[in-house]
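The values are calculated or read from the model by the stated rules, or taken from the named source; none is laboratory data. This one's a predicted model, so the numbers in the text were calculated from it and none came from an experiment. Counting neighbours? That spans all protein chains shown, and the Cβs are built from the backbone with ideal geometry, glycine included. Note: areas computed on protein heavy atoms with side chains; ligands, DNA, RNA excluded. Shrake-Rupley method; radii C 1.70, N 1.55, O 1.52, S 1.80 Å.
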Amino acid sequence: MHDFKLDKKGEYVLIDIYITERYAHLVGNNSRFWNASGIQLNLDTSGVDIQTGTIATMLNGGIEFITPDLNHKKIKHHSVYRLYSSHSDAEESGVGHYKQDNDNKIIQITCTQLGSLTIGSKLYYKKIPVGEIVDYRLNTKNDTIIISAAIKDKYQHLVKSNSRFWRNSGLKIKAGLSGVDVNMAPVHSLLNGGISFANIVPSAEQAKHGSVLYNLYVDQQ
């Protein structure tokens, strides 16, 4: 960071950042920048999350960024980005902190409301955690939400082209002549939200990376 100034209307501060050529490939159109100064403390049902920058940024201030997908075209000079106040604010904008792992498969699921789902919410197959949500964003074409989830390498064969995904956050009780059937989601899902999936036709072909956009249903039915 070597300069800052007001924009022409005097409404925003423009910060000029110089990225050396050897690291220029790390910046893409989907990069997110946030203020890395100080200590950030987040408390939720999963525990306490403490985030700090380096000693230098804690004392002098600084900016950090993440680029979820490095497979992008080279950006132009003087590209403008928004500076978020914290790492968590950058995540909530629809870009997760996830760094692509070649051993994981990314699938996309669409829904109308995010609800209790968030980054880190688990994906279950027969109540076994097989992946987690790593990103979500608004679909500007139809105002829906696109959720990206990473499936662990050893469970990728379970995701088929006709897999059905549904929310499993909550407790369901069904009473009938034969008795009472209680179906409870895993504890982590009760607290942090979660998604389950099953295969309508077990023999269906395995879904290719990014080839299918799945719908998220309210329940298994």
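Is segment 153-163 home to any residue that is assigned to a strand (DSSP E or B) and at pLDDT 85 or above? Yes, segment 153-163 has at least one match. Pull out all pairs, ordered by first then second residue, where Cβ-Cβ is under 6 Å, the residues are six or more apart or on different chains, the first lies in segment 115-133 and is more than 15 Å from LYS105 (Cβ to Cβ) and in contact (Cβ under 8 Å) with a residue 12 or more places away in the chain, and the second is open to solvent by 40 Å² or more (accessible area, probe 1.4 Å) and assigned to a loop (DSSP other than H, G, I, E, B). Going by the 6 Å Cβ cut-off, the qualifying pairs are SER116/SER169.
Of the listed requirements (1) surrounded by 12 or more Cβ atoms within 10 Å (Cβ to Cβ); (2) within 15 Å of ILE107 (Cα to Cα); (3) of a type outside the set (S, T, N, Q); (4) at pLDDT below 65, MET184 misses just one: (2).
Listed here are the residues, each with its yes/no results for (1) open to solvent by 60 Å² or more (accessible area, probe 1.4 Å); (2) of a type in the set (Phe, Trp, Tyr); (3) at pLDDT below 75.
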site: LYS9; (1), (2), (3): yes, no, no
site: TRP34; (1), (2), (3): no, yes, no
site: ASN42; (1), (2), (3): no, no, yes
site: SER46; (1), (2), (3): yes, no, yes
site: ASP49; (1), (2), (3): yes, no, yes
site: THR52; (1), (2), (3): yes, no, yes
site: LEU59; (1), (2), (3): yes, no, yes
site: GLU64; (1), (2), (3): yes, no, no
site: THR67; (1), (2), (3): no, no, no
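When you check HIS25 against the structure, is it open to solvent by 40 Å² or more (accessible area, probe 1.4 Å), out of contact with any Gly (no Cβ under 6 Å at 6 or more places or on another chain) and at pLDDT 75 or above, yes or no? Judged against the criteria, HIS25 is a match.
Modelled with pLDDT under 90 and either open to solvent by 80 Å² or more (accessible area, probe 1.4 Å) or not acidic (Asp, Glu) (or both): does that describe GLY131? Spelling it out, it is not the case that GLY131 is modelled with pLDDT under 90 and either open to solvent by 80 Å² or more (accessible area, probe 1.4 Å) or not acidic (Asp, Glu) (or both).
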